[in-house]
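In what follows, a single structure is set out as C-alpha cells and then discussed.
Every number in this text was worked out from the coordinates using simple rules, so none of it is lab data. Since the structure is predicted, the reported quantities are computational estimates derived from the model, not experimental observations. Ideal geometry is used to build each Cβ from the backbone, glycine not excepted, and the neighbour counts take in all protein chains shown.
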C-alpha cells in the first residue's frame, strides 16, 4: 500500500472515531437542572435538582430544543416527566405517554428574596410552605435601587497552586446583593491560615501574627458554568479588585522569619463556585461550593501559576428573609 493511501486510510479511521466520540458524548450528556416556566410543572424543589417534590420549580433537561421567546425555551426531558409532545411545546395531549418536552426559563441568573407582594401569598418572610389566607409574601427579584446585606460563614478553605497551598480553618463574608445577580462591597475574611505543613503562618499584608487573610473590594455575579464533567450549573463568580488587579497578597512567615520556599504571592483572576439553594432552620439560604475538580473557565492564579480554591460557605440575608439564586 502506498504511503498516500495509508495516510488517507488513517485519516478516514480517525474521522470515524471522532464522529463516534461526539455522538456518544451527545447521547450520554448529563442532564442539566433548569427552572420551569410554569410554576409547579417541575420535579424538584431546588436548583441542583436533588430534592424532589415541594414547590416543583426545577427539572432536569437533556437539551434546549427550541426558543419560544427571549428567556423561555422548549426543552427535552426524560419521559414521562414532560408536559408536551413536540419540541415546540405546543402539543399537550391528555393521557399521552410520549410527553418529553417542557417549558423552561433561560433568563439571566439572579437572586430572589422573599418579600411582601407578588402572587404567592406565603405566610411570612421565610416563604416556607404553601399559600395561606391573608399571606403577603412571595419569591421576587430584587427591585431596582434596592440592596440587601448578606453575611456568610464557612469552615476549611484551601488555596492551592504549583504544589504550594494556604490552608484556612474558617471564612466569613459580608457584602450586598442587588438586582441582576450582582454583589458589591464584598469582603472575605479567612482565619486560622497556615501553609500546608502548618508551621508557617499565612496572612494578608498588615496582618502579621493573626493568621488572617482579608480580601476586599470584590464584586461577584451569578453566571452559568460547567463542571469538570460538562454539566451546566448555576455559579457565583468572584473577580479580583479592579483597582489593584488582584484579590490579595498573601505572606508566609515562621515566627519572625521568612517561610522556606514560600515567598509572598499575589492571588489574581476570577473564580466561581456553585450556588445551591438550601434551607436552614426554615430559612432559605444559599450554599457556595467550590468543588474539586474546579468549575471550568476559572482563571485563578497564585504562587505564579494556575491555582484552585476549595471549600464551602453558607450565605444568608442579615435581615433573615429567605434568599435563593435562580
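Tabulated values for the structure
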item	result
5 Å-binned pair-distance histogram of region 66-194 (Cα, whole percent)	2, 9, 10, 9, 11, 13, 14, 11, 9, 6, 3, 1, 0
Calculated FRET value between residue 64 and residue 196, using beta carbons and R₀ = 51 Å, to 0.05	0.75
Region 247-263-region 147-177 distance, computed between alpha-carbon centres (Å)	19 Å
Calculated FRET value between residue 97 and residue 226, using beta carbons and R₀ = 51 Å, to 0.05	0.95
Average Cα contact separation per residue, the chain, under 8 Å, 6 or more apart, as relative contact order %	14 percent
Region 32-105 shape via C-alpha gyration tensor axes, a/c threshold 1.5	oblate
Average Cα contact separation per residue, region 144-318, under 8 Å, 6 or more apart, as relative contact order %	23 percent
For peptides 143-156, 282-295, sequence by mean Cβ density within 10 Å, most packed first	282-295, 143-156
Calculated [θ] (222 nm, deg cm²/dmol) that DSSP helices of n ≥ 4 give over the chain, each run adding -39,500 (n - 2.57)	-2500 deg cm²/dmol
Extension reserve of the residue 123-residue 264 stretch, reckoned as 0.36 nm per residue once the Cα distance is removed	45.5 nm
Hydrodynamic radius of region 168-326 per Kirkwood, over alpha carbon pairs, in Å	16.6 Å
Contour minus Cα-Cα distance for residue 306 and residue 133 (0.36 nm per residue)	56.8 nm
Computed E for residue 52/residue 146 - FRET, C-beta separation, R0 35 angstrom, nearest 0.05	0.60
Convex hull projection area averaged over all views, the chain, Cα basis, nm²	24.1 nm²
